[in-house]
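The values are calculated or read from the model by the stated rules, or taken from the named source; none is laboratory data. Predicted model only: the values in this text are computed from it and were never measured. As a convention, Cβ positions derive from the backbone with ideal geometry for all residues, glycine included, and neighbour counts pool all protein chains shown.
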Amino acid sequence: MNWLVYGVTAWLMVGLELGLRDGFSLGSSGSAPSFVFAFATFIALFAAPHTALWSSLILGLLVDLTGELALVEGRQVAVLIGPNALGYLLAGQLTLTLRGVMVRRNPLTLGFLAFASCVVAQIVVVAVYTLRTTYDPIAFMPSQQLIARLGTALMTGGLALFLGLALVPLAPFFGLPAAQQRRFARR
């Protein structure tokens, strides 16, 4: 994989997510599509397994570092590293597992896998935050957050469908081995 193209695209996706999160969010629930997660699913769909898991972990860490978590004491916020990284890693593993039975170059595949793996990632994130509330003063309502995050998964699947139309043809620029046409392969 071309890590330079990956880094520039990851930077662009993080910027899009941070800049457009409020514009795409649904009401007060906070559900908004994740550009970063759709990109992580795209990489996991085409990259070698080792590369896919490392890139998912890196993108999860970026999401953790850019997210804020409100504390119970008032207006204080904290950054918690780990929940999204673990969720993205498990979502990357799910994508690796399911990609063998999918038509990789179809944008619908990216939309479905982004939705399914985002559900898994958000369940992991809610579980980690819920365990964290037992000994840390964070303001977190598990049932409310789970519903909002499942809405995020649904919106991310729809976003990945449209991003797939742009990203799948650009896959050879990322140097992804499964995306390149083989000379003597069956079509």
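Among residues of the range 1-28 that are within 21 Å of L150 (Cα to Cα), those with a Cβ under 7 angstrom from a residue that is part of a helix (DSSP H, G or I) and of a type outside the set (V, I, T), sequence gap 6+ or separate chain, pair up as M13/F35; M13/F39; V14/L62; L16/F35; E17/F35; L26/G151. One residue stands out among those in the range 117-161 that are among the hydroxyl-bearing types (S, T, Y) and touching a Ser or Thr at 6+ places or on another chain (Cβ under 9 Å): the one that is nearest to F39 (Cα to Cα), which is T156. The listed residues are V77, V128, and the only one of them that is in contact with a Pro (Cβ under 9 Å, 6 or more places away or on another chain), surrounded by fewer than 19 Cβ atoms within 10 Å (Cβ to Cβ) and not basic (K, R) turns out to be V128.
Summed over the range 54-69, residues that are more than 12 Å from the chain's Cα centre (by Cα) and either part of a helix (DSSP H, G or I) or not charged (D, E, K, R) (or both) total 5.
Considering R99, R104, the condition of being assigned to a helix (DSSP H, G or I) and over 15 Å from the mean Cα position of the chain (by Cα) is satisfied by R99 alone.
Under 8 Å between Cβ atoms, which residue pairs at least 6 apart in sequence (or on different chains) link something in the range 127-144 that is in a loop (DSSP other than H, G, I, E, B) with a partner that is among the aromatic types (F, W, Y) and modelled with pLDDT under 85? The qualifying pairs are T133/F140.
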